[in-house]
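**Student:** Before I ask anything, here is the structure I am working with.
None of the figures in this text is laboratory data; all of them are computed from the coordinates on show. Small disclaimer: the values here were computed from a predicted structure and weren't measured. Here Cβ is always computed from backbone atoms with ideal geometry, including for glycine, and neighbour counts include all displayed protein chains.
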Amino acid sequence: MRKRLLAANWKMHKTPQQAADFVHAFLPLVKNTDNEVVLCPAALSVAATVEALKGSNIAVGCQNIHWEKDGAYTGEISAEMIVASGCTHVIIGHSERRQYFGETDERVNKKLKFALEAGLTPIVCVGELLEEHEAGIADDVLRRQCSIAFRSISGAKAAKLVMAYEPVWAIGTGKTATPHIAASAHETIRQEAADALGRDVADKMRILYGGSVKPENAASLLDEPEVDGALVGGASLDPQSFAAIVNCVK
Ligand code: 13P
């Protein structure tokens with residue numbers, strides 16, 4: 001049985017004070033959950049989030065990582081900085097980074113290696129565009145994204161790897177993949193992981209669904225055995241709404 005993981009991706013929202021306010025409202029609402037919960041604030045709000053979460057078992061993740069140890073990379077954040085700031089998780093390859101910031105499959109692979117090396121739990125996002133979905137080539141896209149992401153990564157190193165299936169047509173659009181679509185995409189991702197990293201790693205690997213997850217649809221998605229959790233954008237900005245998602249699965 002894979003432990004459920006509910007992750008909040010706050011994207012470019014919440015100042016340090018707003019992040020701390022969220023945590024103070026959120027913690028009492030999720031005190032009985034056995035699920036793994038992680039909040040991913042913007043980098044400048046990580047410190048305030050870590051501080052506010054002290055004493056709880058909720059983790060903090062960064063939304064990006066650079067693929068070199070250090071160096072002249074203005075504006076970037078290294079694995080060492082992420083770990084030192086108290087983060088345990090990192091999102092890699094989000095479609096918004098692919099779309100607006102030139103993130104390629106090859107970069108995702110480099111970033112993934114660094115994150116694993118640093119002992120972080122990477123949440124690697126894959127997912128097809130609307131055109132690709134409509135053309136019926138979603139599976140090919142997922143297979144390509146996964147096989148490049150997993151290149152030269154050993155099964156032994158990949159134990160912490162988490163994947164997130166985020167169909168781009170479902171992100172921030174109010175359209176959600178049906179549990180059936182999500183399950184079938186997750187099976188494709190798990191098969192790619194089995195081929196590259198070994199069956200054992202693949203069977204234990206959590207695959208999250210992301211894309212317009214809301215309190216109203218979370219239970220039906222998370223009921224699907226292939227869906228091991230959710231990566232939530234808009235609905236994670238409000239403590240009540242994210243708590244409702246966290247609490248909809250036991
Ligand atoms: P929404 O939940 O706002 O659709 O965002 C999903 C997402 O991109 C999470 O990473």
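**Student:** Between GLY93, GLY61, GLY155, find the one with the highest GNM mean-square fluctuation for the chain; connect C-alpha pairs within less than 10 Å.
**Tutor:** Maximum among the listed residues: GLY155.
**Student:** In a Gaussian network model over the chain where Cα atoms closer than 10 Å are linked, find which of ALA79, ALA118, ALA149 has the largest mean-square fluctuation.
**Tutor:** ALA118
**Student:** Taking the number of other C-beta atoms within 10 Å as the exposure measure, put SER95, SER236 in order starting with the fewest. Walk me through the numbers before you get to the answer.
**Tutor:** Working: SER95 21, SER236 26.
By the 10 Å Cβ count, ascending, the order reads SER95, SER236.
**Student:** Using a cut-off of 19 Å between alpha-carbon atoms, which aspartates and glutamates can reach LYS3, once sequence neighbours fewer than 8 places away in the same chain are excluded?
**Tutor:** Those aspartates and glutamates meeting the cut-off are ASP34, GLU36, GLU187, ASP200, ASP203, ASP223, GLU224, GLU226, ASP228.
**Student:** Let me ask another. Suppose each label sits 7 Å from its Cα in the direction of the beta carbon; what would the GLU134-ASP195 distance come out to in nanometres?
**Tutor:** My value for the distance between the label points is 2.8 nm.
**Student:** Further question: Which distance in nm do the two modelled labels at GLU68 and ALA159 give, with both placed 7 Å along the Cα-to-Cβ direction?
**Tutor:** 3.2 nm
**Student:** Measure off 7 Å from each Cα along the Cα-to-Cβ vector at GLU187 and GLU117, then give the distance between these two points in nanometres to one decimal.
**Tutor:** Using points 7 Å along Cα→Cβ, the separation is 3.7 nm.
**Student:** Set the Förster radius R0 to 22 Å, insert the Cβ-Cβ distance between THR15 and TYR100 as r into 1/(1 + (r/R0)^6), and round the FRET efficiency to 0.05. Provide the component values of the computation, followed by the final result.
**Tutor:** Numbers: r = 21 Å, r/R0 = 0.98.
Taking R0 as 22 Å, the efficiency between THR15 and TYR100 is 0.55.
**Student:** Just to confirm the filter: which trypsin sites (Lys or Arg not before Pro) across the range 61-99 are DSSP coil and have at most 12 other Cβ within 10 angstrom of their Cβ? Each step should come with its number before you reach the end.
**Tutor:** Numbers: sites: LYS69, ARG97, ARG98; in loops: LYS69.
The qualifying sites are LYS69.
**Student:** Tell me, what does the Kirkwood hydrodynamic radius of the chain come to in angstroms if you use every pair of distinct C-alpha atoms?
**Tutor:** Mean inverse Cα-Cα distance, inverted, gives 17.9 Å.
**Student:** Next up: When you take every Cα atom in the range 1-105, what is the radius of gyration, and what is Dmax, the widest Cα pair distance, in Å?
**Tutor:** That works out to 14.4, 45 Å for Rg and Dmax.
**Student:** Still on this structure: Can you list the residues of the range 1-38 with backbone N under 15 Å from a point 7 Å past the Cα of GLU51, pointing along Cα to Cβ?
**Tutor:** Answer for the range 1-38: 15-24.
**Student:** Which whole-number percent of Cα pairs in the range 170-236 have a distance greater than 15 Å?
**Tutor:** That fraction is 50 percent.
**Student:** Excluding residues fewer than 8 places away in the same chain, name every one of the lysines whose C-alpha is closer than 16 Å to that of LYS175.
**Tutor:** Hits, sequence-local ones excluded: LYS214.
**Student:** Using a cut-off of 13 Å between alpha-carbon atoms, which aspartates and glutamates can reach LYS54, once sequence neighbours fewer than 8 places away in the same chain are excluded?
**Tutor:** Reachable aspartates and glutamates: none.
**Student:** What FRET efficiency comes out for the pair LEU27/THR178, r = Cβ-Cβ distance, R0 = 35 Å, nearest 0.05?
**Tutor:** The pair LEU27/THR178 has a calculated efficiency of 0.60.
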